[in-house]
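The values are calculated or read from the model by the stated rules, or taken from the named source; none is laboratory data. All of these numbers come straight from a predicted model, not from anything done at the bench. Cβ placement follows ideal geometry from the backbone for every residue including glycine, while neighbour counts extend to all protein chains displayed.
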Amino acid sequence: MEVSALKDFDLYLYHQGTNFYAYQMLGAHFVVEDGVEGVRFAVWAPHAKAISVVGDFNNWDYNENPMQRISDGEIWVTFIPNLQQGEIYKYSIEPFNGGERFLKADPYAFYAEKKPKTASRVYDLRGYEWHDEKWQKKQQQEASYDKPMLIYEVHLGSWRRDAEGNYLTYREAAKQLISYVKEMNYTHIEFMPLCEHPFDGSWGYQATGYYAVTSRYGEPKDFMYLVDLAHQNGIAVIMDWVPGHFCNDAHGLRRFDGETLYESDNEKRRENWQWGTTNFDYGRREVHSFLISNALFWLNEYHIDGLRIDAVANMLYLNYGREEGQWEPNKYGDTGNLEAMELIKNLNEAIFKYHPNALMMAEESTSWPMISRPTYMGGMGFNYKWNMGWMNDMLKYMSLDPIYRKWNHDKITFSLMYAFSENFVLPLSHDEVVHGKCSLIEKMPGDYWRKFAGLRSFFGYWMTHPGKKLLFMGGEFGQFIEWKYDDSLDWHLAELYPMHTKMQRFSKELNKFYCEHKALWQVDFDWRGFRWIDCNDNENSVISFIRYAEDQDDFIIVICNFTPEVRHGYRIGVPEKGIYQEVFNTDKEEYGGSNVLNEGDFKSEDVFWHNLNQSIQITLPPLGTVYFRLKLRPVEAKKQTVIEAEKPEKVKLNGNRSKQRQKAKAYALK
C-alpha cells in the first residue's frame, strides 16, 4: 500500500467526492519526516474547534499532541515521532459550540482494539507477502458470468469455535474453512461483514470502523493470510459491505466533530428508526470519497474478489421502512434518493474501472429496474442482484404441506417470468434461518424422513434454476436449530447422525455435479440456457425443464416431484431422438432417500409430448428431483450396437485359464 502526501490536488479530489484512494491520505500512516520515523495522523473534521491525538503514549493528555488545520480548513494533521505498531489512539475533539471535549475512533484506522474496548490502533498494512499471483492474473482475464458460482455464506464467529468455545482466529479459520469449502466443492466464500463493530448481535451490519477488519479474530495481516490461502486453493472471497447506515455508538461516525458530518442534518433522512442506526449523507462529497475509497480498499489491499452490498433498497428509497410523515419526497416529488443513486453509480463505475471482473452484488429487495445493468445503459451498475422474490416464493412453497402445493404452483414457476431481467444470484441466506423463521430443514413439512427428502428435492431444483447460487452455512448438512451468532454450528450432527451425514454427502456431490456440467451455469442470464418442458402439471406438483450450455447439444433435463407420491410411467417430452440416462437422483439411498431410481438406458419414442416430437417414460421418486442426459444420439447408438455385436462372449472363470487365453488370442488375431 502506498502512502500519499496531503497534496492540494488530492485534497481537491477528496472534496469533490472523487479521491478514490482517500485512505492513503487520511488516517494514521507510518512516514519519515525530516529524517525521523513516526506516524502522521490526518482527519476530516471541519466543525471542530481543536483536535488532539491521545493515547497511552501521552497518557491521554490532549495538550501533548495537538493537530493543526491545513490549507483547506477542514482537515487536521499532526506528526508524532517514534510511535510503534499497535499503539492505541483516539481523537480528542473540542467542538465549536463550546461543549466538552469528546473522544472518537479514527474513521480511516486500519485496526482497532478488541471489543468491548473502542480505541483505534496504529497499524502498517505494508509488508505482507502475497502468494496469489496466479489467481489474480486469472481473475483479470476471466469474467464470472459464464462460470460456476456456488457461494458458501459464512459468519466467521459462529461457523466453528474451538473446544473452549472461543473464536477461531483468521489463521485457524483459514486452514479449517478453506479445506472444508474446497472439499464440499464450493467456488466462493462470502463473509458476513468483517468491518469493526461493537455489538456481536448486529452480525457486523452496524459498523464503527469501515477500514478496520475486526480484531475479534486477529490482526489485519492474519486476514490477508486467509484470503491468500483461499485464492491459492482456487476459491474466491466476497465480503458483505454496508454503505447504507452506520452504528450510533459514541466513538463512531455519528456527529463526528460535534455536528452532523457523515450523516445528514435532515432528521428525516438521517435517522434510521427501524434499525436504530444513522444513514449516510450521500449529498456530501467527502462521504462519496470515504465510501468509494473504502470499497476499493478491500479489493486493493486485501485482494477481496467482490462485495455484496447490503440493504440497497434502504439507500435507494427515501421512504424505505418509514411511516407517513417520516420522509420527504425528492425534488421531483418521488420516492427515489437521487444522491444515493449518484453514489451507487459512481461507486460501480470506479470499481469496474480498476477491477473489471470484480463481483458487485446488490441485496436489493424491490423491483427497482436494471440494478445489474451498466450505468451507460441507464442501470445502477452492479453486475449481480440477489433474487429475493424467488427466495421468498420458494421458501413459502416448500413450507406448505404437499397436499396444498398444487394450488400454489405459480410460486415455483413465476420466477421464470423475470429470471433474465437481471443477473441473479439465488440466495438461501442467513436472514432466512433466524428470528423464528426456522432452519431450512425445519421449514420442510412432514416427518423426519420427509424433511430431508424435501430439502434434497429443493436443493436439486435450486441448483438447476437459472442464476448463481448462495447457501448459508449449516444448510448443507441440515442443521435443525436456527442459526445462533454466539455459538458454533452443530457439527456433531454431521458426525454422529446418519441422515445429517448423508445430507452433507448429498450437498457435496450435488455441488460437484453442478461444477462439472456447463449446462447448469454457462448460460445463466438468457433464455438460450433454459426451456420449459412442462410448467403446468400443478395437479401432480411436478415441473420439468431443460438447461442448455452455450453449445445447445449439451443439455440437462430436470424433473422435480414435490409430492411424497412415487409416479410410475411418467412421460416427459425430450428435445432429441436418442438414448437417455439418469445422471443424478436426490432419492438415492446413500443420500438418505428411498432409492427409487431410473436405472439403465431410456430410448426415446416417437410419441409427441409436451410439444416435443420425442418422449420417454420414467419413474419420479417421492419428494425427488432427477436429472437426465442424452447418452447417445441415433448415429452414435448405431455405432455402439455394431461394436457390441462384434465383441466375443465373455468367458466365465472356471479354472481352465489356457482355454481362456486361447480364445482371447484368437479374437485378437481375428
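Of note:
- Inclusion of ASP524 among residues that are acidic (Asp, Glu), surrounded by fewer than 18 Cβ atoms within 10 Å (Cβ to Cβ) and either outside any helix (DSSP H, G or I) or within 22 Å of the chain's Cα centre (by Cα) (or both) is not warranted.
- Any hit, region 395-416, residues being of a type in the set (Asp, Glu) and either in contact (Cβ under 8 Å) with a residue 40 or more places away in the chain or under 23 Å from TYR145 (Cβ atoms) (or both): yes
- Residue within region 24-31 that is closer than 27 Å to GLU301 by Cβ, touching a Lys or Arg at 6+ places or on another chain (Cβ under 8 Å) and assigned to a helix (DSSP H, G or I) present: no
- Residue match in region 482-491 (condition: surrounded by fewer than 22 Cβ atoms within 10 Å (Cβ to Cβ), outside any loop (DSSP other than H, G, I, E, B) and either out of contact with any Cys (no Cβ under 6 Å at 6 or more places or on another chain) or free of Cβ contacts under 8 Å to residues at least 24 places away in the same chain (or both)): yes
- Candidate set from region 310-353 (those that are in contact (Cβ under 8 Å) with a residue 60 or more places away in the chain and surrounded by fewer than 18 Cβ atoms within 10 Å (Cβ to Cβ)); member that is farthest from PHE280 (Cα to Cα): GLU328
- Any chance TYR376 is over 22 Å from TYR320 (Cα atoms), assigned to a helix (DSSP H, G or I), out of contact with any Asp or Glu (no Cβ under 7 Å at 6 or more places or on another chain) and assigned by TED's automatic domain parsing to the domain that holds GLY201: yes
- Residue that is surrounded by the most Cβ atoms within 10 Å (Cβ to Cβ), among those in region 551-590 that are basic (Lys, Arg) and not in a loop (DSSP other than H, G, I, E, B): ARG567
- Residue selected from region 155-200 under the condition modelled with pLDDT of 95 or more and among the small types (Gly, Ala, Ser), by the criterion farthest from TYR262 (Cα to Cα): SER179
- For LYS603, the requirement of being over 21 Å from ASN540 (Cβ atoms) and either surrounded by 13 or more Cβ atoms within 10 Å (Cβ to Cβ) or at pLDDT 50 or above (or both) is met.
- Taken together, the criteria place LYS104 among residues that are touching a residue at least 40 places away in the same chain (Cβ under 8 Å) and either of a type in the set (S, T, N, Q) or outside the structural domain of ASP257 (by TED's automatic domain parsing) (or both).
- Selection status of SER52, outside any loop (DSSP other than H, G, I, E, B), within 20 Å of ARG254 (Cβ to Cβ), in contact (Cβ under 8 Å) with a residue 12 or more places away in the chain and small (Gly, Ala, Ser): no
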